[in-house]
1. Given the criteria modelled with pLDDT under 85 and in a helix (DSSP H, G or I), does GLU842 qualify?
2. Is segment 599-618 home to any residue that is assigned to a helix (DSSP H, G or I), touching a residue at least 40 places away in the same chain (Cβ under 8 Å) and within 23 Å of LEU665 (Cβ to Cβ)?
3. What's the total number of residues in segment 775-805 that are farther than 11 Å from MET750 by Cα, open to solvent by less than 80 Å² (accessible area, probe 1.4 Å) and not aromatic (Phe, Trp, Tyr)?
4. Against the conditions (1) without any contact (Cβ under 8 Å) to a residue 24 or more places away in the chain; (2) under 20 Å from ALA870 (Cα atoms); (3) open to solvent by less than 40 Å² (accessible area, probe 1.4 Å), where does LEU665 fall short? Just the number, please.
5. Scan segment 614-663 for residues that are of a type in the set (S, T, N, Q) and within 25 Å of LYS496 (Cα to Cα) and jot them down.
6. Run down GLY760, GLY749 and say which single residue is surrounded by fewer than 18 Cβ atoms within 10 Å (Cβ to Cβ) and touching a residue at least 60 places away in the same chain (Cβ under 8 Å).
7. Of a type in the set (A, V, I, L, M) and outside any strand (DSSP E or B): which single residue out of ILE259, ILE193 fits that description?
8. Please verify whether GLN176 is polar (S, T, N, Q) and more than 35 Å from the chain's Cα centre (by Cα), treating the condition exactly as stated.
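The values are calculated or read from the model by the stated rules, or taken from the named source; none is laboratory data. Every value quoted in this text rests on a predicted model; they were computed, and no experiment measured them. Here the Cβ is made from the backbone with ideal geometry for all residues, glycine too, and neighbour counts use every protein chain on show. These area figures cover heavy atoms from the full protein model, side chains too; ligands, DNA and RNA do not enter into them. Shrake-Rupley method; radii C 1.70, N 1.55, O 1.52, S 1.80 Å.
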Amino acid sequence: MVEPADRPSTAGQRLGAPESFGVSTLEPGLRPPAQPPGRQVSIRVQMLDDTQEVFQISQRSPGKVLFDLVCVHLNLTEGDYFGLEYQDHRKMTVWLDLLKPTLKQIRRPKNTILRFVVKFFPPDHTQLMEELTRYLFALQIKRDLACGRLICNDTSAALMVSHIIQSEIGDFDETQSWQHLLHNKYLPDQDAIRDKITDCHRKHVGQTPAESDYQLLEIARRLEMYGVRLHPAKDREGTKLSLSVAHTGVLVFQGYTKINAFNWSKIRKLSFKRKRFLIKLRADPANAHHDTLEFAMASRDCCKVFWKICVEYHAFFRLFEEPKPKPKPILFTRGSSFRFSGRTQKQIIDYVKDSELKKVPFERKHSKILSNSGMSPQSSSFRSQVPKEVIRHGSLFPHSLVYGSPASDDSPLGSPHVVVNGNGSVNGQGMGSTGVLGPGQSPEGRQLSPLTSPLLTEAGYVRNDEEEEARRKKFPTDKAYFIAKELLTTERTYLKDLQVITESFQSFVGKDEAFPDSVQDLISANYDPVHKFHQGFLKEVEQRLAQWEGRSNAHIKGDYQRMGDVLLKNIQGLRQLTIHLQKHSECLVELERVCRSSRKVETLCRDFEQQRVCYLPFNIFLLRPLHRLLHYKLILERLCKHYPPTHDDFRDSRAALADISEMVLQLQGTMMKMENFQKLLELKKDLTGIDNLAIRGREFIRLGCLSKLSGKGLQQRMFFLFSDSLVYTSRGMTPSNQFKVHGQLPLYGMTIRESEEEWGVPHSFTLFGQRQSVVVAASCASEMERWVEDIRMAIDLAEQSSSPSADLLPAGVSDNSKSLLEDSGAEQESEEELCGSRSSLERQGQRGNTTVHVCWHRNTSVSMVDFSVAVENQLSGNLLRKFKNSNGWQKLWVVFTNFSLFFYKSHQDDYPLASLPLLGYSVTVPAESENIHKDYVFKLHFKSHVYYFRSESEYTFERWMEVIRSATCSTSHSLPSTRKDLY
C-alpha cells in the first residue's frame, strides 16, 4: 500500500523519499488491490510531476498489483495509457511486465526507481476523457521537450512552452514571466527563443490550466516526433536507422525524419531472430518490395524489447478486448508466451463513458494558480474561441439545445430523449404540445398523455419474463430460421412502406384536383403491381415460417425448415416486374417536375410529408423497391454462407442469389442516380436562399457541422459539400427552421491547408478559393480528417469535370453583396434560436427530425457513403426495451432505417409512436456492474442517457449490433486484426 506523506515515520521518509505535493490523493472509498500473503517489500516510484512515492507490495505480487496501487493512489481511471519503466541489470530501459512477479523483474528493489510515464500515445488527445489524464499527458510532453526527445521547430516549441507556463503561473506578467523562464528549463536551447515564448504567453490571458493542457496536447499530437521512442537499428545495407511504433503501425526514421511507415493492415507478422527484427508484409502484387523486411539491432534483447512494445501497441489500439492467454504446451514450448495485459483503448473509452465517474479534485504541483480541477477545458477563453460548443468525452458537442427552459438538457436532438407529442405521434406533429421521452414526464413536469404513457413510461412494461422466455424456447434455434425470420420482419416493414405510396399518398393527392392525373397514373401503374406482388410474397413467407415453427395445421408432410425455394420462386416472379422498377426513376423525376411547376402541388406534397404515416421524406419511399433488392441479396448471401453445399436448401438459395445479383447489377446504375437525385431534393427542402440544387452532373458528398472563423470568433455553421462547390449555412428563423445559405465556395481551383498553428484553433484548416478564403474548425480530429479527405476528393472531381460549376446562390447577388449578407444576417441568430424553443419545434413539425437537423444538434457529419451504407443496413423486429433506472422490459416493434430507430406497439401499426435518431450514439454491451443478467442485450448511450434492448437470439443480437453500429460513432473504430496472425 502507498505510504501517506503526512505521517511522521513512514517507510517512504525512512527511505529518504521527498514529501509529495503533487497529484497523489487517495479518494475515500477507493480500495487498493488485494495482494498475496508474504513479506512486504518497499518499491519507489517516480511520478510525472517529479514527486516520489513508496509503495508496499508482497514479494509474490505480480507487476499489476504495483501498477494498480499507483493508479489508485492517483485516482486515475484511465491508467491503461501509462506504464512503469525502469533500467534492468543490462542497463536497458524496459517496461514492468504486469503478469510476472515484480521481484523477479526487479533484482535490487532498494536501488531501483521505477518511473510512471505515458506508454501509449493516442492519435487524438480528445480520446482522453478525464482532465487528470490530460494533465499527466501534458507533464509527459513537458518532460519530452526538456530532454530533447520531442523535436520540433522553434514556433511550435515556443507555443508549447507558453501554454506550460500559462498553466503554471497564470496570465502574462512581464517581470514574473521573464524570471520564471530564467529559473526553469523547458527546452535544451530555451534562451534562443525566449522572446518568442513570452510573445506567445501574452496571448493566453484568461486561459485555465485545463485549457492550457488541451492546447499543449493539440500542438504536440501533430508533431512527427509525438510519442516516438527511437530504437536504433540498421537496414540490410548497413545504413543507420531507428525503429519506432505508433498507433498506426511500425515507423522507420533516419535521424529525426520519418522515411517509412508500415500500417498494421499491411503487416502480416512481426518476429525477431537473434539480433534481426523481421516485418513480414501482406502480399501486394503492385508492390515490388520484399515481402519480408529485415533490420539489425544491437542485440537479441534489443529486438525482444522492441517486439514486445509492438505487440502491446497493436493490441491496445487495434483490438476490441484484451487478448486471451495462450494455452500452455504440455511438452515443448516454442516462441514467447508474452501477451498484452490490460484494457484496450476501446474498452477504456467505453468504460469511462458508461460509468459516469465522479470527478475527483487533484493538485497541480507546479501550478501557482488556483483552479477548479474538475473543469473540462471549455471555460473563459476557450468558450470565446468556440462558442456554443464544449468538450465532453473526447469530442465537441453543442450546448444543451433545448425545447423549453435553456437550462434543461431534454432536447429531443441534443439529448437522446425520443421525441413524441401529446397524441402519441412522431416529432411534434398532430394535435399539439411537444413532449420528450423521459421517465414519465414532459420537460415542464406534466404527466404525459394516457395515449403515450403505455409506450413511453414504465407503466406499460411486460413484466412476466418467465412466460416470455418459455414462449421463445418453443421456437427453432437454427441460424437459418433466424435468417428466414429476418426476411419476414423486414418484408412486413417493406410492405407497409409500399402502402405509403400506393394507398396513403394516392388517397391524399387524389382528393385535390391540382395534382395532375398523369403523374398519379404513372405512380399507380408502376408501384401498384409491385405492391400486389409483395402481398403474395409476404403471405408465402408467413406460411413457411408458421410451418417451420410447427404452428401450421398443414396436413401435407414435408421438410419446411428452409426458405431458399420460396425466395427462388418469388425472385423469378420479381424479375417480371423489372420494367416497373426501371420506371421508378421516371416517377421521381416527374413528381419533382410538377412540384417545380406548381406551388399548389408542392404544398400538397409537403402537407403529405407531415402526415404521421409518412415517417420519412416521401422520396425515400419511392426508392424502397430498388433498395429491397439489396436486402434480398444480403439475406441470401448469409443463407448460402450458413448452409453447407450438401444442405437441401443450398441449391435453391444459390440459384436465387444468382438471380437477385443479376437484377441488382442491372439496376445498380439507376439506383445510384436516384439516390443522389433524391438526396439533392431532400437537401433542397432543408435549405433556403439557393437556386437549382438538383442539376445534372452534381453529386452530393457530405453534410455536417463545422465552426467558421469570423471577426466574432468561431460560429457554428452547417456545410454542404457537392462535387462542384462547398456551401455554408446557418439555421434560419423560418417556420420549418430551414438552413439559410451564406456563401458558396466553388471547388475548381480550390486549395486546402491545415492551419491550426496559424490560428491557434484545434482541428482547423483553411480553404483557399478563387474568390475568397475561409477558415473552419472541425469538432474533433476524426471529423477533420473526413472533411479534408472528402474536400480533396471533390476538388479533384471538379478539376476533372469539363463543365463549369453552376452558381448555387440567386442570380444577381454579387460577391460583395454575398459577403454583406453573411456579415449582417449570419450573426443575427438569437439565443432562443440557437438553444431552440418549444414554439419553434411546434412550428417546424416533422422537418425538425431530418438528418440535417440531427447533424446540427449533435455537431457531426454524414457522407453519401454513409447514406449508401444505411440503405443496406435496415432491420425490423420485436425488441424488449428497458430504461436505465427501471425494472421491467417493454415489448416493442422496432424499425431501424435512415440512422434512426422507430418504435411501434406492433408491426400492424400504420405509423410509429416515437423515434430515436442515433447519430452520435455509442452501442455496447452492458457491463457486469449494470446487473442486467439477461442474454442478448445491447446498450445505447449518449452522454448520461442509456437504453437497453433485448433480442431473441444470438443471431438477431449480432444483426442489431451490426446495423446500429453503421449509424453511430462506433463506426469510426477500425476493425481489429486477429492477434495470432500478426505475431
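1. Numbers: modelled with pLDDT under 85: yes; in a helix (DSSP H, G or I): yes.
When the stated conditions are applied, GLU842 passes them.
2. No, segment 599-618 contains no residue that is assigned to a helix (DSSP H, G or I), touching a residue at least 40 places away in the same chain (Cβ under 8 Å) and within 23 Å of LEU665 (Cβ to Cβ).
3. Residues meeting the conditions: 17.
4. It is condition (3) that LEU665 fails.
5. Applying the first criterion (of a type in the set (S, T, N, Q)) to segment 614-663 yields 619, 646, 653, 661.
Residues satisfying the conditions are ASN619, SER661.
6. On the way: GLY749 fails: touching a residue at least 60 places away in the same chain (Cβ under 8 Å).
Result of the check over GLY760, GLY749: GLY760.
7. On the way: ILE259 fails: outside any strand (DSSP E or B).
Criteria check complete, one pass: ILE193.
8. Numbers: polar (S, T, N, Q): yes; more than 35 Å from the chain's Cα centre (by Cα): yes.
Judged against the criteria, GLN176 is a match.
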